[in-house]
Amino acid sequence: MVKNKFYIWLLPLVFATCSLFSFRFPGDEYAMYFISSIAGAWIGLVFRFGDIHNPMIPVSVAFTGATVMALIGFLMDRIRIRKIIWSVLFLIVVPVIFVMSICAYPTVGKALRKNGSLWAYLFFAINMGLYCSLIFSFMCKGFDAVWKMKKNGCTKA
């Protein structure tokens, strides 16, 4: 049984909130929205919603992605990924992605003309930072497990 339920509620909350706001500030041709909401955007391949302005799209994507994030959160709580590790990774990766996304254009003005607003970049960076911090957290947990096995002399050939 999982005693700590930090990730199981936080990850879906962050994802769904940013996904819904990202739909409001989607970037050029909704590209930033769909890329940053990929954990739930795949539902559009299963159910063809048609027009991008269908109100079922942001709700379905947010709900589907939140479900995926809850499953990942359950696993993270279960294997006890340290909150401090994930938090530091998340707080480092989000600004890096934000700055890199804007710096992909010659000027901030051109970046804003392409994708509409800084909000589009912010919500994109948060959800992409969420994915990256999850991957890095699992990698850190794996490295930690290998380190402890080697330290304790528990190596199998």
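Each value in this text was obtained by applying a stated rule to the coordinates, not by laboratory testing. Source: prediction; values computed, not measured. Here the Cβ positions follow ideal geometry from the backbone for every residue, glycine too, while neighbour counts run over all protein chains shown.
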Value of [θ]222 nm, deg cm²/dmol, for the chain, DSSP H segments ≥ 4, -39500 (n - 2.57) each, nearest 500: -25000 deg cm²/dmol
Cubic angstrom per residue, convex hull over Cα atoms of the chain: 148
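Student exercise: in the stretch 85-157, how many lysine pairs 8 or more apart or on different chains have Cα atoms under 25 Å apart?
Close lysine pairs found across the stretch 85-157: 4.
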Among 52-60, 132-140, the order from most to least packed when residues are scored by Cβ within 10 Å on average: 132-140, 52-60
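About its Cα centre, what dipole magnitude does the chain give when the only charges are +1 on Lys and Arg Cβ and -1 on Asp and Glu Cβ, stated in debye to the nearest 20? If you can, show how the numbers build up before the last one.
Details: 16 positive and 5 negative charges, 170 e Å.
So the magnitude is around 820 debye.
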Relative contact order (%) - the stretch 6-151, alpha-carbon pairs under 8 angstrom, separation at least six: 35
